[in-house]
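The next block holds one structure in the form of structure tokens; read it before the comments.
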Amino acid sequence: MLQENIDAAPQVMGVLNVTPDSFSDGGNFFSVDAALKYAHQMAEEGADIIDIGGESTRPGAQSVSAQEELDRVMPVLLKIRAELPLKTSVDTSKAEVMREAIAGGADVINDVMALRGEGSLAAVAASNKVQVCLMHIQGEPRTMQENPYYDDVVNEIKAFLLERVQVCLEAGIASSRILIDPGFGFGKTVAHNLLLMKQLPVFTELGYPVLVGLSRKSLIGKVLNKQVTERLYGSLALAVLAVSRGARIIRTHDVAATVDVVKMTHAVLQQT
């Protein structure tokens with residue numbers, strides 16, 4: 001299971017988007033050969049997990065059919081499983097894709113909708129070992145950044161995640177299989193995101209490993225006035241803050257640099 005040893009350094013999850021339209025690297029790894037080559041690179045750079053996504057969840061992204069998503073994801077997942085020893089995650093909200101991914105050996109289902117899609121909960125509950133990451137999103141990807149509003153962003157997201165955890169537990173998904181993600185950038189303003197980071201211990205103290213995905217996001221661009229290709233340093237700063245506040249998995253587009261900052265931050269935190 002992921003993160004069984006709390007004394008181990010937090011894990012780094014490398015992003016592998018097999019899409020033509022993801023916000024940061026859309027089209028770069030759309031072919032199976034390009035995706036596999038990049039997966040090998042991330043493994044060499046120290047990734048613990050590779051997160052394969054076949055449908056963009058950027059603001060305004062258009063949805064694709066389950067078959068199209070499967071055609072993008074499954075050949076890459078099966079190749080990675082055959083050639084690399086590290087864990088695999090599939091970033092999807094569709095039950096059909098989840099079932100195929102689990103059958104294909106995926107270790108994690110990373111769902112931005114927290115298993116609220118039709119059949120998703122049952123698809124994960126039917127397995128006795130796959131882990132699931134439950135993420136918070138306000139609205140859905142096409143509209144999530146249209147005036148997001150909360151009365152109390154931290155406590156509302158905490159309540160949402162606890163409710164989704166309870167639904168999973170009642171469906172027979174063991175607590176050891178559950179990860180949570182506050183969903184930075186998914187229906188949140190810059191102020192919301194900054195406050196969530198500041199108060200991340202609210203989530204890391206709930207007893208479930210927290211996954212954080214902040215790599216290259218618009219939050220960094222707005223604070224630093226940087227384009228997507230110029231957001232590495234901001235991403236690394238947020239990775240350090242996340243680890244120092246208890247995050248156990250850091251999702252990133254920049255594996256080598258993130259592995260270094262995660263290990264260095266963890267080494268300092270381990271000193272007594």
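Here's the yes/no breakdown for (1) closer than 25 Å to Arg58 by Cα; (2) surrounded by 15 or more Cβ atoms within 10 Å (Cβ to Cβ); (3) more than 18 Å from the chain's Cα centre (by Cα):
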site: Phe184; (1), (2), (3): yes, yes, no
site: Lys188; (1), (2), (3): yes, yes, no
site: His192; (1), (2), (3): yes, yes, yes
site: Gln199; (1), (2), (3): yes, yes, yes
site: Ala239; (1), (2), (3): yes, yes, no
site: Gly246; (1), (2), (3): no, yes, no
site: Ile249; (1), (2), (3): yes, yes, no
Against the condition basic (Lys, Arg) and over 25 Å from Tyr208 (Cα atoms), how does Lys87 come out, does it pass? no
Just give me the residues in segment 100-123 being surrounded by fewer than 18 Cβ atoms within 10 Å (Cβ to Cβ) and among the charged types (D, E, K, R), in sequence order. Arg116, Glu118
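In this structure, is Glu55 in a helix (DSSP H, G or I) and either of a type in the set (D, E, K, R) or buried (at least 20 other Cβ atoms within 10 Å of the Cβ) (or both)? Steps first, please.
Numbers: in a helix (DSSP H, G or I): no; either of a type in the set (D, E, K, R) or buried (at least 20 other Cβ atoms within 10 Å of the Cβ) (or both): yes.
Taking the combined requirement at face value, the residue does not satisfy it.
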State which residue is farthest from Ala122 (Cα to Cα) when the search covers only segment 73-94 and only residues that are basic (Lys, Arg) and more than 18 Å from the chain's Cα centre (by Cα). Lys79
Cβ-Cβ under 7 Å, sequence separation 6+ or interchain: first residue in segment 260-272 and closer than 15 Å to Ala47 by Cα, partner at pLDDT 95 or above and part of a helix (DSSP H, G or I). Which pairs? Val261/Leu236; Val261/Ala239; Val261/Val240; Val262/Ala239; Val262/Val243
Give segment 215-237 a look and list any residue that's in contact (Cβ under 8 Å) with a residue 24 or more places away in the chain, touching a Gly at 6+ places or on another chain (Cβ under 7 Å) and buried (at least 20 other Cβ atoms within 10 Å of the Cβ), or say none. Lys217, Leu219
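What number of residues within segment 102-152 are part of a loop (DSSP other than H, G, I, E, B) and within 25 Å of Met74 (Cα to Cα)?
To start, the set of residues in segment 102-152 that are part of a loop (DSSP other than H, G, I, E, B) comprises 104-107, 112-119, 126-130, 136-152.
Filter once more, keeping what is within 25 Å of Met74 (Cα to Cα): 104-107, 112-119, 126-130, 140-142.
Residues flagged as part of a loop (DSSP other than H, G, I, E, B) and within 25 Å of Met74 (Cα to Cα) within segment 102-152 amount to 20.
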Given the conditions (1) part of a loop (DSSP other than H, G, I, E, B); (2) at pLDDT below 95, every one holds for Gly246 apart from (2)
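Within segment 137-182, take every residue that is among the charged types (D, E, K, R) and more than 25 Å from Gln11 (Cα to Cα) and give me the one that is surrounded by the fewest Cβ atoms within 10 Å (Cβ to Cβ).
Let us first name the residues in segment 137-182 that are among the charged types (D, E, K, R), namely 140, 142, 146, 151-152, 156, 158, 163-164, 170, 177, 181.
When the remaining residues are screened for being more than 25 Å from Gln11 (Cα to Cα), the result is 140, 142, 146, 151-152, 156, 163, 170.
Numbers: Glu140: 15, Arg142: 14, Glu146: 11, Asp151: 6, Asp152: 10, Glu156: 13, Glu163: 12, Glu170: 10.
This residue is Asp151.
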Residue count for segment 17-41, restricted to those that are under 14 Å from Ser89 (Cβ atoms) and at pLDDT 95 or above: 1
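Kindly check whether there is at least one residue in segment 79-86 that is of a type in the set (Lys, Arg), out of contact with any strand residue (DSSP E or B) (no Cβ under 9 Å at 6 or more places or on another chain) and under 21 Å from Ala35 (Cα atoms). Before the answer, list the steps.
Pass one, segment 79-86, residues of a type in the set (Lys, Arg): 79, 81.
Going one step further and asking which of them are out of contact with any strand residue (DSSP E or B) (no Cβ under 9 Å at 6 or more places or on another chain), we end up with 79.
Checking which are under 21 Å from Ala35 (Cα atoms) leaves us with 79.
Within segment 79-86, one or more residues are of a type in the set (Lys, Arg), out of contact with any strand residue (DSSP E or B) (no Cβ under 9 Å at 6 or more places or on another chain) and under 21 Å from Ala35 (Cα atoms).
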Given (1) surrounded by 14 or more Cβ atoms within 10 Å (Cβ to Cβ); (2) in contact (Cβ under 8 Å) with a residue 40 or more places away in the chain, where does Lys129 come up short, assuming only one miss? (1)
If you check Val212 against the conditions, is it of a type outside the set (Ser, Thr, Tyr) and part of a helix (DSSP H, G or I)? no
For segment 75-94, enumerate the residues that are surrounded by fewer than 22 Cβ atoms within 10 Å (Cβ to Cβ), assigned to a loop (DSSP other than H, G, I, E, B) and of a type outside the set (A, V, I, L, M). Pro85
Failed item, numbered, when Glu68 is tested on (1) modelled with pLDDT under 95; (2) part of a loop (DSSP other than H, G, I, E, B); (3) charged (D, E, K, R): (2)
Search segment 50-65 for residues that are at pLDDT below 90 and pair each with any residue that is among the basic types (Lys, Arg) when their beta-carbon atoms are under 7 Å apart and the residues are at least 6 apart or on different chains. Gly60/Arg142; Ala61/Arg142
Evaluate segment 159-167: report whether one residue or more is touching a residue at least 12 places away in the same chain (Cβ under 8 Å) and small (Gly, Ala, Ser). no
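The values are calculated or read from the model by the stated rules, or taken from the named source; none is laboratory data. It should be emphasised that the depicted structure is a prediction, and the values quoted were computed from it without experimental measurement. With ideal geometry, Cβ positions are generated from the backbone for all residues, glycine too; neighbour counts draw on all protein chains shown.
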